Structures are given as structure tokens and as C-alpha cells.
Ligand SMILES: *Cc1c(COP(=O)(O)O)cnc(C)c1O
């Protein structure tokens, strides 16, 4: 019997939402949940943010889409703003994170090609990485469960253990084009790469003529309390993929590059039908208006600290259920000692949404606009949910 017309690719929870406001989201039956999943770090400004609603509806009444065959003023503007606030000189807009990564991978390969070294096309990547679900990005992520059954793995990715600098050095060969890494692994279990390691990777790239390619699809756009997570390490990449939070819920992404790294991307080498369309650009510009406001990112740092403290208190009280807290800003992980699905289920019963991740972690990714009251409410729910898990464990034992 067929359950629905949809592909069975998602293990969906039995919840259907109708509306949301800020950090709160309501089901079609009127049940309210505190949303610390935020569409997996997508709803960066929460639900129904008035500035985003206004930007989208105003643009919707004017013009939805024109092809990239024409000048798109909103795209020019958002590109300029991203360039002004980052290492980048050039931007290519996409519809998703995987497409931003595809653009970054192609840009890295073309760079060496136009430099007269077409044999340099391989990227070094890290175990536990997640870069998307296209054929190239599952090869880059290197996870067997995502590669199985999809034919030959796309060539050109060499994986080393997470954060292992010696292994990176050993993996560099005459075909190496660059290093691709998430400053904080999201799907991999909220695993931050130490700042010292990120600096080492920058040095290694400089020494060997490689490009440093960062995947900030999850860690970017204010999530860690800086506009981009690599700023904490005081380094800059050559290429960077961005998506998720940059659209605040509108599907969009971007590949950012230095002039040098992008020099192979000449007319006709890459393209997109939908990427950077006027609707997406209106929303992307509106998201930046808010994230770049004076004090916004400092508030993310403060709220991150408050949340980390509250979670640490729960970990202290229930060390048999919660092993520890990890992450930066509002990209936090609860490392579980019992299966994370059990804790997630208990949290759902306490009307708090979170996202599972690798390494038996639950991710807490509230909107960056989350209030301190919301954080305290979440902490109470987490406490009670974890207590209920312990009670159940004790009964089972
Ligand atoms: C979500 C994610 C992607 C893929 O983005 P999609 O929009 O799903 O294609 C890539 N990299 C990282 C780090 C992500 O978190």
C-alpha cells in the first residue's frame, strides 16, 4: 500500500505546521512548538519576520523572475554588500547549498586549469563532512550511506580524518587543487574545527598553491556570532559556499570568491536559471539588513552563551543522559549518552523542536532573533525532557 505520493526519502515526523512567529511554530491542530530547529538553520530571523515579509510581498507585486540574461539590480546590490562585508571580490548566486558547493568545486578546478595545471582538480575533504546531495557533493562528503547505489563516485575527493593536519599534508599530491572544509561540522555532529587548525590549513594552502574552500552553508550568516565562522580564526578563504540562513527561508545560496580564485570563471563557464532571481534577492538583502544592524551579532554571542550555560546545567544534572555541550553561538550540540532519537522524542513531547546530527548529537539551532525568554523556556523544556528520559531509563533498568 502506498502511504503518499512522495518519495520515501525522508523519515518524517508526524507533524504538519501551518504558521509561525519568531521562534514559535504552530501545527494545523493549533499546537505550539518552540522551534530550535529553524528549518535546519534556515529560518535565521525566525518565522514571519516583518521586514522579510514586507520585502518579499513588495517584490512579489513587482517582478518575480527574470533570467540572468539581464541585469538584476537586487543581485548586483546583494553581491556588493557581501563583497563589502567579507573576503570576497565576486559572488555567484544559487538556489541551494549543494549548488553553492558545486560552484565552489568547479571554480577551484577552473582556477588551476587556467593557471596551466589542469591535472590539479582534487580536493582534500574531512571525515564526517556534509556538503550536499548532488553527485559531486556526496563524493566530497564521502559518507558511504549517501554514496551507496548511485554509481561510480565522482572522482577528485580525498578524505582524511577530521581535523588531522598531518593526514592533510600526506594527502597533498601533484593533483591537489585545494582543501574543502566546514569551520564547524553541522550534520557531522556540531564539531568545530579548532581555530589553530583552520590557520594551519590556510598556511598549508599558501605554501602549496592550493585554494582554501570553506563550506559555511550552516555556520555562516551570523550563526556563530560572526557574520562567517572563519572570522573567529582571523583567516580568509579563497572560496566559500553559503546558503541556509542567507535566505531566511527563501531558497537561495551563494558562492563567494576572491578575484584570483574566480579568474577561470569566464563567460559561459557556469550558469543557473533560477539563481539570484529578484524574489530571492529581495529577501537576501532584507536578511542582511537585519544581520548587519549594529549589535545584532553581539547579541547572538550573548544568547549563545546563555544557552550554553543553561545546557551545561542540564548536562551536569544528568551526566548519564547528556555527555556534554559543544558548538559556538547559536549552533550548539547536545552530545547524548542514550540514543539521540530518544531525547529528541522526549523534547518533541515537551514541544521543543531540535535536529539530530551525527555522533549521537542533537543540534539546537534557534533563530538568531530568539529572545532570552525563549532560551530560558527552551532550557526548562530540555531539563524536563531529559528528566523524563532518565525516569524511563531507570524504569527500564
Ligand atoms: C545543508 C548543508 C549543505 C547542503 O545544502 P542544501 O541546500 O541542502 O543543498 C551543504 N553543506 C552544509 C555544511 C550544510 O549544512
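Table for the structure above
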{"read-out": "Enumeration of residues in region 312-350 that are within 24 Å of the chain's Cα centre (by Cα) and part of a loop (DSSP other than H, G, I, E, B)", "value": "329, 330, 339"}
{"read-out": "So residue 339, is it within 20 Å of residue 245 (Cβ to Cβ) and at pLDDT 95 or above", "value": "no"}
{"read-out": "Members of region 112-134 found to be within 15 Å of the ligand (Cβ to nearest atom) and either crowded, with 16+ Cβ neighbours inside 10 Å or over 24 Å from residue 242 (Cα atoms) (or both), listed by number", "value": "123, 125, 126, 127, 128, 129, 130, 131, 132, 134"}
{"read-out": "Any hit, region 239-256, residues being modelled with pLDDT of 95 or more, more than 30 Å from residue 386 (Cβ to Cβ) and in a helix (DSSP H, G or I)", "value": "yes"}
{"read-out": "Residue within region 98-105 that is within 16 Å of the ligand (Cβ to nearest atom), assigned by TED's automatic domain parsing to the domain that holds residue 251 and farther than 20 Å from residue 244 by Cβ present", "value": "no"}
{"read-out": "Subset of region 28-49 (residues that are at negative phi and surrounded by fewer than 15 Cβ atoms within 10 Å (Cβ to Cβ))", "value": "28, 29, 31, 32"}
{"read-out": "Any hit, region 161-179, residues being touching a residue at least 60 places away in the same chain (Cβ under 8 Å), crowded, with 16+ Cβ neighbours inside 10 Å, under 25 Å from residue 111 (Cβ atoms) and in contact with a strand residue (DSSP E or B) (Cβ under 9 Å, 6 or more places away or on another chain)", "value": "yes"}
{"read-out": "Yes/no for residue 141 being in contact (Cβ under 8 Å) with a residue 40 or more places away in the chain and touching a strand residue (DSSP E or B) at 6+ places or on another chain (Cβ under 9 Å)", "value": "no"}
{"read-out": "Residue list for region 283-311, restricted to those being crowded, with 21+ Cβ neighbours inside 10 Å and more than 21 Å from the chain's Cα centre (by Cα)", "value": "311"}
{"read-out": "Residues of region 81-114 classified as out of contact with any strand residue (DSSP E or B) (no Cβ under 8 Å at 6 or more places or on another chain), in contact (Cβ under 8 Å) with a residue 40 or more places away in the chain and under 17 Å from residue 238 (Cα atoms), total", "value": "5"}
{"read-out": "Verdict on residue 78 being under 24 Å from residue 299 (Cα atoms), assigned by TED's automatic domain parsing to the domain that holds residue 372 and touching a strand residue (DSSP E or B) at 6+ places or on another chain (Cβ under 9 Å)", "value": "no"}
{"read-out": "Of residues in region 361-387 being out of contact with any strand residue (DSSP E or B) (no Cβ under 8 Å at 6 or more places or on another chain) and surrounded by fewer than 17 Cβ atoms within 10 Å (Cβ to Cβ), the one nearest to residue 225 (Cα to Cα)", "value": "372"}
{"read-out": "Residue check, residue 311 under 30 Å from residue 381 (Cα atoms) and either more than 16 Å from the ligand (Cβ to nearest atom) or at pLDDT below 95 (or both)", "value": "yes"}
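Yes/no per residue for (1) within 16 Å of the ligand (Cβ to nearest atom); (2) surrounded by fewer than 19 Cβ atoms within 10 Å (Cβ to Cβ); (3) over 18 Å from the mean Cα position of the chain (by Cα):
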site	(1), (2), (3)
142	yes, no, no
154	yes, yes, yes
210	no, no, yes
220	yes, no, no
237	yes, no, no
240	yes, no, no
248	yes, no, no
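The values are calculated or read from the model by the stated rules, or taken from the named source; none is laboratory data. Predicted model, so just to flag it, every value in this text is computed and none were measured. Please note: Cβ atoms are built from the backbone with ideal geometry, for glycine as well, and neighbour counts cover all protein chains shown.
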